[in-house]
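Student: Below is a structure I'd like to ask you about.
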Amino acid sequence: MTAVLTAPPSARPAWTRWLARWETLLVVALLGLIVVGNALSPFFLTAGNFANLIAALMEVAIMALPMTLIVIAGEIDLSVESSAGLASALLGFLWAADIPLTVAIPLVLAVGALGGLLNGLLVARAGLPSLVVTLGTLALFRGLALIVLGPIGVSDFPSAFTDLGFGHVPGTLIPWPFVVFLVLAAILAVILHRTWIGRHVFAIGKNSGAARYSGVRVDRVKVGLFMLSGLIAALAGIILTARLSSARADAAQGMTLTVVTVVLLGGVNIFGGSGSIPGVVLAVLAVAVMQNALRLANVTVEVQSIALGLLLILSVVIPTSAHRAKSAIDRVRGGRPPPAGSVPRGEQIPSIEEEPS
């Protein structure tokens, strides 16, 4: 009988575990970006500029919250920008038809949820890949927006509505959309990290089949997540309409790339099973600071696009490399043998031969 010697993994102090968290790296990166931004422009560290940089990315930030849950569950929703555009177009159409906003806004939110329901049914019930389904509805919803409103814009909204987009909390420079974002982030953080719904979302992302056999209603959870994404994307479209004081069918165009970048930069695993809302909140701030600093430095839009693309690539490469390195270190510390085929020829794992009694 052969017994392999294994040493128990050493318990790391709490502060080292905290330093190893992705959120800690994001805090350091955010501080570094603030220093760089201050060096690029003397107007960067001003209260007015910080209010502007936060407001400029709030629609993306709001759409990134439900996207976080969807990616953790192992899926993706590429149709969020066209859902927001359809919401803006529909809101403009209803307002032009003399329908009060108190009626129009709930209708727009309901249409957004229905669009998410369509995505969810095609993915969960029909078993189609979410990448293909939402790429199709990305074009579908944008086409519907053009049919509803056409190339025109509607811009005679009341000031009580437009204040939601670019107004501030009384006595402060905090934009109202940032308050909406923080409230939604707090609610979804509690749901994801403190409830059985969150546990089911993580379980589905780690292993959908095992979650199903464990009693998790995988299809129902996925449909609910896509409906939530459609609903909040419609809310983002309403806020964007208020901020621009104009409803257009091409609203929110090109935002999906930034949404996905923010989610992955926030530490959410692209393959599902891990991630956090606080990480995404920090990623939102980091991307907002980076884009604002580049604008103040008069960097061209093309270079800003390159920077965002590189950030997306790094947000996938760095966590993947770190996870592989951590797995290798844990195997060494735990005394576990490396995966099959990784031991050089001629080397053996230490063992003790027990003498038969």
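Student: Restricting to segment 129-154, count the residues that are more than 24 Å from Leu78 (Cα to Cα) and modelled with pLDDT of 90 or more.
Tutor: Counting residues in segment 129-154 that are more than 24 Å from Leu78 (Cα to Cα) and modelled with pLDDT of 90 or more gives 2.
Student: Could you please let me know if Leu311 is open to solvent by less than 80 Å² (accessible area, probe 1.4 Å), in contact with a helix residue (DSSP H, G or I) (Cβ under 9 Å, 6 or more places away or on another chain) and modelled with pLDDT under 90?
Tutor: Yes.
Student: For segment 84-110, name all the residues that are more than 16 Å from Arg248 (Cα to Cα), more than 25 Å from the chain's Cα centre (by Cα) and not hydroxyl-bearing (Ser, Thr, Tyr).
Tutor: Asp98, Ile99, Pro100, Leu101, Val103, Leu107
Student: List the number of the failed condition for Ala283; all other conditions in (1) part of a helix (DSSP H, G or I); (2) touching an Asp or Glu at 6+ places or on another chain (Cβ under 7 Å); (3) among the aliphatic types (A, V, I, L, M); (4) buried (at least 24 other Cβ atoms within 10 Å of the Cβ) hold.
Tutor: Here Ala283 clears every test but (2).
Student: Looking only at segment 259-277, filter to residues that are of a type in the set (A, V, I, L, M) and not in a loop (DSSP other than H, G, I, E, B); which one of those is nearest to Leu182 (Cα to Cα)?
Tutor: If we take residues in segment 259-277 being of a type in the set (A, V, I, L, M) and not in a loop (DSSP other than H, G, I, E, B), then Ile277 is nearest to Leu182 (Cα to Cα).
Student: Looking at Val259, Val263 in this structure, which one is open to solvent by less than 60 Å² (accessible area, probe 1.4 Å), in contact with a Ser or Thr (Cβ under 9 Å, 6 or more places away or on another chain) and at pLDDT 90 or above?
Tutor: None of the others qualify; the one that does is Val263.
Student: Open to solvent by less than 60 Å² (accessible area, probe 1.4 Å), more than 15 Å from the chain's Cα centre (by Cα) and free of Cβ contacts under 8 Å to residues at least 60 places away in the same chain: which single residue out of Val317, Val303, Val299 fits that description?
Tutor: Residue meeting the stated conditions: Val299.
Student: Moving to a separate point now. Can you spot a residue in segment 62-81 that is of a type outside the set (Phe, Trp, Tyr) and either touching a strand residue (DSSP E or B) at 6+ places or on another chain (Cβ under 9 Å) or without any contact (Cβ under 8 Å) to a residue 40 or more places away in the chain (or both)?
Tutor: No, the conditions are met nowhere in segment 62-81.
Student: Do we have any residue at all in segment 34-42 that's at pLDDT 90 or above and open to solvent by less than 20 Å² (accessible area, probe 1.4 Å)?
Tutor: yes
Student: Looking at (1) touching a Gly at 6+ places or on another chain (Cβ under 6 Å); (2) on the phi > 0 side of the Ramachandran plot; (3) of a type outside the set (Phe, Trp, Tyr), which is the only condition Gly215 fails?
Tutor: Result: Gly215 fails condition (1) only.
Student: Right, another one. Find all pairs meeting these conditions: Cβ atoms under 7 angstrom apart; at least six residues apart or on different chains; first residue within segment 23-37 and farther than 11 Å from Leu265 by Cα; second residue among the polar types (S, T, N, Q) and in a helix (DSSP H, G or I).
Tutor: What qualifies is Gly37/Asn292.
To keep it simple, each residue is scored yes or no on (1) open to solvent by 40 Å² or more (accessible area, probe 1.4 Å); (2) small (Gly, Ala, Ser).
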position	(1), (2)
Val216	no, no
Met227	yes, no
Ala233	no, yes
Ala236	no, yes
Arg248	yes, no
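Student: Of the residues Pro350, Pro344, Pro339, which is modelled with pLDDT under 60 and in contact with a Lys or Arg (Cβ under 9 Å, 6 or more places away or on another chain)?
Tutor: Checking each option against the conditions leaves just Pro339.
The values are calculated or read from the model by the stated rules, or taken from the named source; none is laboratory data. Since the model is a prediction, treat every value here as computed from it, not as a measurement. Positions of Cβ are generated from backbone atoms using ideal geometry, with glycine treated the same way; all protein chains shown enter the neighbour counts. The accessibility values were calculated without ligands, DNA or RNA, using every heavy atom of the protein model including side chains. Shrake-Rupley method; radii C 1.70, N 1.55, O 1.52, S 1.80 Å.
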